[in-house]
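The values are calculated or read from the model by the stated rules, or taken from the named source; none is laboratory data. Bear in mind the structure is a predicted one, so any value in this text is a computation, not a measurement. Cβ placement follows ideal geometry from the backbone for every residue including glycine, while neighbour counts extend to all protein chains displayed. When the accessible area is computed, the model is the full protein with side chains, heavy atoms only, and any ligands, DNA or RNA have been set aside. Shrake-Rupley method; radii C 1.70, N 1.55, O 1.52, S 1.80 Å.
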Amino acid sequence: MAINFAASLKDQILEGASLIDEFEHDLDRERNADILIRAYDGTFTLQHVIRCDDGIDLTEIENDTGTGMITLDGDHPAAPWAWKLRDRLISGQKIDMFVLFDYVGKRYSARVDDVVMKVDDLGVVKIELMLEHDYALLKARTLWPTPTTPAGFQPIKVFLLGGPADWAAATALWLNLARAHGNPAGLGWTTDPISVTTADYRNWPIVIKPFSHAQAKASGVVSGLVVSRMKSWHEACADMLNDANVTTVVRRYVRGDPLPWPGAVLSYGTLVVSFVFQGALADEVTGGLFEGIGQLIRIFLNAVVEGIGLGSPLPVETGEQPITGQPPPPAYFQPGTIGQVPDHPYVFYPANSPGIASFEAHLRNAKYLRFTTGGHSAPGVNELLGAIVQAIGDAFAAIPFVPPLGGVADALLKPFYEDVVLAFMTVYLSNRAQSVSKFGPYETFLPGSDKAYTLTATMVLRTAILAAATKFSAAIEIVDALPWRIGANGLGDMDLGTRILMQAPVDWDNRIYSQRIKKLQLVASPGSAPTWLPTVGAIEPGEDAFAKAMRHLANLVSGLTQLGLF
């Protein structure tokens, strides 16, 4: 049914109202469907459709592994099947089990990691299936330095790939999937393998939903750099994707599903990996590779000027981004669809919103005005001083009967000149000093890089500056569909990774916080409707973001060290 624009205005309004009612009715019918729970064996053959679960608790984390649990009564047919490992092995089902949960357009797929049997004093048996989200399988994929050669011969010491962040991460994963499972048939010669839609992936357990380098570049996603020397894909790529506002989505392809892309050739049970760019609005980071390089240059120049005793001439941190005053995108004028356009979020929870059942926010204040790192002189400094000392010592050889003394002088004076000049680099944040108290923490030393005035040392400073900035996070319990809905594939306004706008539910804070959903928890039990518990913001409550950032940085530093970029 469509609106007849040739009709009278009254009839058009009535037809429009009827279409809206029809759309809302269909949407409510699909959203009110029960959670579909299916258990598969290791060959991805359906074994049980679970309807009588005692409760589920599922957690999904952006670009990381969530966990879950489903509790079964002991007399449920799936309970003995899950417990009898040997029976499954003898029957050819393999020992692995997978459980899929379909609800409001979302699919949570997980491998059973542990089976727990509990028997109380009355003999009542409960079986708990402890689940590990399928994202964990990406942690079990290693990026080899040279994925096209055997392990015993790795001529390229460090795997290095730059480009749009999602494309670089996807291509790095594809190359190592090809290493493990062979090139897919029908691929042909191409410099952009993840753009090919007709390859035969039936032998691959994990595939990447195709997209091209040109598409990634046109989307506006920032550039990134994958660096790995036998690191897992997650270790090498997760921080880069978080920095670029890209969400990794994994979804099992099972019998009854539409093809994940037109012309796809793959087996049932295959894990399809896709990457969703959530828009260019930043939380607390300054952007991707090129934006980051600009900030690295400012930090380096500041450190050089500071190193010779002058002040900090350039601002390092960036300010807030306006998100108002932008025209609405055309997608919002399309009838019969819901869902946000990344750079134009519309989900907003004002302070008095009935959609927030509970609210717990953390506002972590910025700290440290001065950041210092290093310990060893910049590359070439010690060598230059040594050469000068040896040259002066050897000059004495011009005196009759005096041998060259360069080597002796260098050996004696080396302890006095080595790691004395340009051995430390420091940055003072003059703009942060305008907003924090002089009575607070003043400075910190960063052990992430030993050699000063290098790329690694500058990156250590940048990471620390961002990690110690003011951060907002909130854990909220949302009343679904009041008014905004959590869901996917046209059944929800927001999902994992989506940016939402909110105010603290108090009358004395009128700021609007713009953050993305970093974690989703779905809790359901008999007799109660499923409840969503999203966590938004850059950090989890109680987490030391500064320490976490420095730990993550160590992964990149080790790769750069292998390249010689100390």
For this session: Filter region 425-458 down to the residues that are of a type in the set (S, T, N, Q) and in a loop (DSSP other than H, G, I, E, B), then identify the one that is surrounded by the most Cβ atoms within 10 Å (Cβ to Cβ).
Result: SER449
Exercise. What residue, of SER195, SER232, SER228, is over 22 Å from PHE153 (Cβ atoms), of a type in the set (Ser, Thr, Tyr) and open to solvent by less than 70 Å² (accessible area, probe 1.4 Å)?
Worked result: SER195
Seminar exercise, completed: Only one of (1) in contact with a Lys or Arg (Cβ under 6 Å, 6 or more places away or on another chain); (2) open to solvent by 10 Å² or more (accessible area, probe 1.4 Å) does not apply to VAL158, and that is (2)
Problem set entry | Residues located in region 58-70, provided they are open to solvent by 40 Å² or more (accessible area, probe 1.4 Å) and under 30 Å from GLY92 (Cα atoms) | THR67, MET69
Exercise. What is the residue count in region 98-113 for residues that are in a loop (DSSP other than H, G, I, E, B) and surrounded by fewer than 19 Cβ atoms within 10 Å (Cβ to Cβ)?
Worked result: 1
Exercise. Which is open to solvent by 30 Å² or more (accessible area, probe 1.4 Å) and farther than 15 Å from SER274 by Cβ, of PRO184, PRO205, PRO147?
Worked result: PRO205
Exercise. When PHE5 is evaluated against the numbered criteria (1) surrounded by 12 or more Cβ atoms within 10 Å (Cβ to Cβ); (2) hydrophobic (A, V, I, L, M, F, W, C); (3) free of Cβ contacts under 8 Å to residues at least 40 places away in the same chain, which criterion, by number, is the only one it fails?
Worked result: (1)
Exercise. What pairs come up if the first residue lies in region 82-97 and is part of a helix (DSSP H, G or I), the second is open to solvent by less than 100 Å² (accessible area, probe 1.4 Å) and basic (Lys, Arg), and their beta carbons are under 9 Å apart, counting only those six or more places apart or on different chains?
Worked result: ALA82/ARG88
For this session: Write out, first by first residue and then by second, each pair whose Cβ atoms fall under 9 Å of each other, whose residues are 6+ apart or on separate chains, and whose first residue, in region 377-389, is without any contact (Cβ under 8 Å) to a residue 60 or more places away in the chain while the second is among the polar types (S, T, N, Q) and open to solvent by 50 Å² or more (accessible area, probe 1.4 Å).
Result: none
For this session: Restricting attention to region 412-466, report how many residues are of a type in the set (Gly, Ala, Ser), modelled with pLDDT of 90 or more and in contact with a Lys or Arg (Cβ under 7 Å, 6 or more places away or on another chain).
Result: 1
For this session: Report, by residue number, each residue of region 350-373 that is modelled with pLDDT under 90 and either assigned to a strand (DSSP E or B) or touching a Gly at 6+ places or on another chain (Cβ under 6 Å) (or both).
Result: ILE356, ALA357, SER358, PHE359, GLU360, ALA361, HIS362, LEU363, ARG364
For this session: Test ASP134 against the criterion of being open to solvent by less than 30 Å² (accessible area, probe 1.4 Å) and within 16 Å of MET69 (Cα to Cα), and give yes or no.
Result: yes
